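Report on the structure given below.
The values are calculated or read from the model by the stated rules, or taken from the named source; none is laboratory data. Just so we're clear, the structure is a prediction, and the values are computed from it rather than from any experiment. All Cβ positions, even for glycine, are placed from backbone atoms using ideal geometry, and neighbour counts span all protein chains on display.
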Amino acid sequence: MINDLFSAAFMLAGSLFMLIASMGMVKFPDFYIRNSASTKAVVLGVLLILLGVGIHYNDTMIFVEIFAILLFIFLIAPLAAHIVSRAAVITEVGFWEKTDLKELEGYKKEQDKEAKVTKVE
Amino acid sequence: MVILINLFVAVLMTWFTQTIYPGIPNSGFATLLLFAGWNALLWLLTYFLSEHSFHRSRQIGSLVLFYLKELLTASLRVAYEVLTPQDHMQPAVIAIPLEAKTDFEITLLANFITLTPGTLSIDVSKDRKILYVHEVYVKAGDTEKVKRQIKEGFEKKILKITRNPNQI
């Protein structure tokens with residue numbers, strides 16, 4: 001009885017986090033803020049839902065599997081966000097107008113230099 | 001290395017105790033408790049073998065807890081930002097000078113930065129000395145404060161674990 005209550009609460013909290021993050025997709029102003037918000041909320045949401053599943057089944061093998069899934073999610077979700085945002089910077093997806101871009105100029109220069117070198121070769 | 005051996009032996013010992021004493025219930029939580037107990041016992045035992053790895057395991061544990069706490073606050077902050085009508089966002093791209101040198105250290109730092117409140121790691125420069133980070137909450141253009149927070153929070157903790165002179 002109390003197990004069911006706890007697992008339901010965890011799963012509900014996880015899916016609520018995901019729902020709020022997907023509402024953020026509509027509200028946030030630019031690509032980079034959307035990307036960072038969705039990554040965080042989705043990782044926490046998956047963690048909470050899997051905890052709820054583990055409480056419901058209460059079995060050793062399920063706990064081991066949940067641990068493995070969480071390990072991979074924690075490794076891969078930030079990696080995917082990093083690669084997508086890097087591609088966005090290189091292809092010059094626009095920033096929000098309030099963004100302070102002073103310190104990105106060094107990166108831009110580096111990219112330009114690289115492009116020139118490859119053209120000469 | 002010691003922490004991996006510790007975990008492995010704890011798994012074995014949990015299995016043994018469950019097969020030897022059939023009175024222990026075979027449910028998930030009982031197993032988890034047993035595993036945690038064996039881990040704590042073995043951790044205390046390493047104190048007599050090498051004090052250094054004892055403190056190292058403690059640091060790794062505290063880093064994991066800190067990471068989970070940061071993830072929770074990050075998600076709550078996103079939820080707050082979505083559900084309140086006005087926005088407090090003041091984004092900026094920040095170039096953080098890196099002290100971490102090896103692949104492992106930089107990967108760990110970048111992954112941790114992506115899951116902490118308001119930040120997203122974009123790229124490392126060609127000579128691996130600068131990490132470019134997109135940060136959403138920069139109060140009054142004070143980028144130095146954000147840099148200090150990241151360098152003294154995560155980078156210090158990670159370097160303390162990965163760089164130790166007498167590693168076993």
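Numbers below:
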quantity	calculated
Qualifying residue in the range A:22-31 (condition: at the interface with chain B (Cβ under 9 Å from one of its Cβ atoms), acidic (Asp, Glu) and either more than 30 Å from B:Ser27 (Cα to Cα) or touching a Ser or Thr at 6+ places or on another chain (Cβ under 7 Å) (or both))	yes
Residue that is modelled with the lowest pLDDT, among those in the range A:19-29 that are under 16 Å from A:Val93 (Cβ atoms) and surrounded by fewer than 18 Cβ atoms within 10 Å (Cβ to Cβ)	A:Pro29
The range B:17-34 - residue that is assigned to a helix (DSSP H, G or I) and within 9 Å of chain A (Cβ to nearest Cβ) and, of those, modelled with the lowest pLDDT	B:Gly28
Matching residues in the range A:32-42 - criterion: being buried (at least 22 other Cβ atoms within 10 Å of the Cβ) and either more than 8 Å from chain B (Cβ to nearest Cβ) or among the basic types (Lys, Arg) (or both)	A:Lys40
Subset tally (residues that are crowded, with 19+ Cβ neighbours inside 10 Å, farther than 24 Å from A:Gly94 by Cβ and without any contact (Cβ under 8 Å) to a residue 24 or more places away in the chain) for the range B:73-97	2
Only listed residue being crowded, with 20+ Cβ neighbours inside 10 Å, of a type in the set (A, V, I, L, M, F, W, C), more than 22 Å from A:Ser38 (Cβ to Cβ) and touching a Ser or Thr at 6+ places or on another chain (Cβ under 9 Å), chosen from B:Ala100, B:Ala110	B:Ala100
A:Lys116 vs. criteria surrounded by fewer than 18 Cβ atoms within 10 Å (Cβ to Cβ), more than 19 Å from the chain's Cα centre (by Cα) and within 30 Å of B:Met89 (Cα to Cα)	no
Residues of the range B:12-53 satisfying the condition of being surrounded by 14 or more Cβ atoms within 10 Å (Cβ to Cβ) and of a type in the set (A, V, I, L, M, F, W, C)	B:Met13, B:Trp15, B:Ile24, B:Phe29, B:Ala30, B:Leu32, B:Leu34, B:Phe35, B:Trp38, B:Leu42, B:Trp43
Residue that is farthest from A:Lys27 (Cα to Cα) [pool: residues in the range A:69-82 that are within 10 Å of chain B (Cβ to nearest Cβ) and of a type in the set (A, V, I, L, M, F, W, C)]	A:Leu75
Selection within the range A:54-68 - among the charged types (D, E, K, R) and more than 7 Å from chain B (Cβ to nearest Cβ)	A:Glu65
Condition met for B:Tyr132 (touching a residue at least 40 places away in the same chain (Cβ under 8 Å) and of a type in the set (Phe, Trp, Tyr))	no
Pick from the range B:113-140, criterion of a type in the set (Asp, Glu) and more than 8 Å from chain A (Cβ to nearest Cβ), ranking: surrounded by the fewest Cβ atoms within 10 Å (Cβ to Cβ)	B:Asp127
Members of the range A:70-108 found to be closer than 27 Å to A:Gly45 by Cβ and among the basic types (Lys, Arg), listed by number	A:Arg86
Tally, over the range A:43-53, of residues that are at the interface with chain B (Cβ under 9 Å from one of its Cβ atoms) and surrounded by fewer than 21 Cβ atoms within 10 Å (Cβ to Cβ)	0
Flag for B:Ser75 being touching a helix residue (DSSP H, G or I) at 6+ places or on another chain (Cβ under 9 Å), part of a helix (DSSP H, G or I), modelled with pLDDT under 80 and not hydrophobic (A, V, I, L, M, F, W, C)	no
